[in-house]
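Student: Before we start, here is the structure in question, set down as structure tokens.
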Amino acid sequence: MAMKDMILRGRANVLAVTGVDCSGEAWAIVADGAVTLYTDFRYIPMAHRVAPALKVRDVKRFEADLRRAFGGRGAAERRVGFEKAISVADFEKLKKVLPRAKFVDATRVLQRRRAVKSADEIAKMRAASDLNVAIWKDARRMFRAGMTEREMAGIIRSMMYERGDGEAFDTIVCVGANAAECHHVPDGTVWNGRDGVLVDMGVKLGGYCSDMTRNIPPKRRSALYRKVHDLVLKANRAAIAAVKPGVTGKALDKIARDVIKAGGFGKCFGHSLGHGVGLEIHEPPYASKKSDWTLKPGMFVTIEPGIYLEGNLGVRIEDLVLVTETGCEVLTASAKEDE
Ligand code: ZN
Ligand code: ZN
């Protein structure tokens, strides 16, 4: 289904159709395929600068323009796409302005369009991922015993702002047992130089996100740590080997999950295997138990199995993978074998 009439509100979707990333209120009206961006005074000069050819209007005019675009004759038959994830208040505003329009959920259409990346987007994703790997290498060398998780996350964060557009998400640094919390917020926990460290990081570059998780192993690896690490690595590799066009996100998740289940840690892998990455850090296609997405060339997906033993240890290994015509390419060119 192609949608020539749409009203967009989500930041990433507005960015995808207008080329402008507004952190404040922004709407895009697509009427007969023609795009207009609505935002407030504070963002208008930036919009002019980054998208000189785009029609940009003050958000104060949004409702009147909306009525003009979709509220005239034939409004009752006109199907207007919108995103179901907008707020109730926003949707009520649309219905008030366009009481006769037929609102159609365009979420899936928009997701599909964004899930398959163009050659230009693939090049940007590759650059973001390469930079992420380079920052990890450099940051890791600066980690010292006595540093807190917050300090280590700070090293990564400042490199991301110096060399890229900043963080794609809040950098996760977990020392020792904190790695059992999948999305641990770095705190004052001090690294003694011997405990394991899990780092989940993603730099943004050229508007596109990257995502990877690596582990610094503990100096003395217990038999349990080895077992858990080897199993996570095995699951990561098995899933990567299966990535190719036509495979569903659900099947992919199952491949990794079965490996971990067979190793006796099924209950300790409580999240999904992976997600798409692009303008947003989490976007379709999803690789999860319930995912109905099918992989196509040009899609990106993370492969990130993990095992978490509360109060003890956690290991997750995450690679960013590009689906190609014949299989896949792993973008995360960083060692994981002995880590
Ligand atoms: Zn991650
Ligand atoms: Zn991820």
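Student: Among the residues of segment 306-314, is there at least one that is among the hydroxyl-bearing types (Ser, Thr, Tyr) and within 15 Å of the chain's Cα centre (by Cα)?
Tutor: No; the residues of segment 306-314 include none that is among the hydroxyl-bearing types (Ser, Thr, Tyr) and within 15 Å of the chain's Cα centre (by Cα).
Student: Suppose we filter segment 227-270 for residues that are under 20 Å from the mean Cα position of the chain (by Cα), surrounded by fewer than 18 Cβ atoms within 10 Å (Cβ to Cβ) and small (Gly, Ala, Ser); how many remain?
Tutor: 1
Student: Just to check your reading of the model, which residue among Cys174, Cys182, Cys209 is at pLDDT below 95 and within 16 Å of ligand 1 (Cβ to nearest atom)?
Tutor: Residue meeting the stated conditions: Cys182.
Student: For a quick check of your reading of the model, give me the residue pairs whose first member lies in segment 296-325 and is farther than 15 Å from Ala180 by Cα, whose second is within 15 Å of ligand 2 (Cβ to nearest atom) and small (Gly, Ala, Ser), with beta-carbon atoms closer than 6 Å and at least 6 apart or on different chains.
Tutor: From segment 296-325, the pairs are Phe300/Gly276; Val301/Gly274; Val301/Gly276; Val301/Ala287; Thr302/Gly274; Ile303/Ala239; Ile303/Gly274; Leu320/Ser129.
Student: Grab the helices (runs of 4 or more DSSP H) fully contained in segment 1-75, keeping just those with 2 or more residues being more than 27 Å from Val88 (Cβ to Cβ).
Tutor: 44-50
Student: Let me ask something else. Taking the options Leu224, Leu295, Leu273, Leu198, name whichever one is away from ligand 1 (no atom under 16 Å from the Cβ), buried (at least 21 other Cβ atoms within 10 Å of the Cβ) and not acidic (Asp, Glu).
Tutor: Leu295
Student: Now, a different point. I need a count of the residues in segment 60-83 that are closer than 27 Å to Gln111 by Cα, surrounded by 11 or more Cβ atoms within 10 Å (Cβ to Cβ) and either within 28 Å of the chain's Cα centre (by Cα) or among the small types (Gly, Ala, Ser) (or both).
Tutor: Residues in segment 60-83 being closer than 27 Å to Gln111 by Cα, surrounded by 11 or more Cβ atoms within 10 Å (Cβ to Cβ) and either within 28 Å of the chain's Cα centre (by Cα) or among the small types (Gly, Ala, Ser) (or both): 7 in total.
Student: So which residues in segment 104-131 are β-branched (Val, Ile, Thr) and under 21 Å from Cys328 (Cα atoms), if there are any at all?
Tutor: Val116, Ile122
Student: Checking the structure you have, find out if any residue of segment 279-294 is touching a Phe, Trp or Tyr at 6+ places or on another chain (Cβ under 9 Å) and without any contact (Cβ under 8 Å) to a residue 12 or more places away in the chain.
Tutor: Scanning segment 279-294 turns up at least one residue that is touching a Phe, Trp or Tyr at 6+ places or on another chain (Cβ under 9 Å) and without any contact (Cβ under 8 Å) to a residue 12 or more places away in the chain.
The values are calculated or read from the model by the stated rules, or taken from the named source; none is laboratory data. Predicted, not measured: the structure shown is a model, and the values here were computed from it. We place every Cβ from the backbone using ideal geometry, glycine too, and count neighbours over all the protein chains shown.
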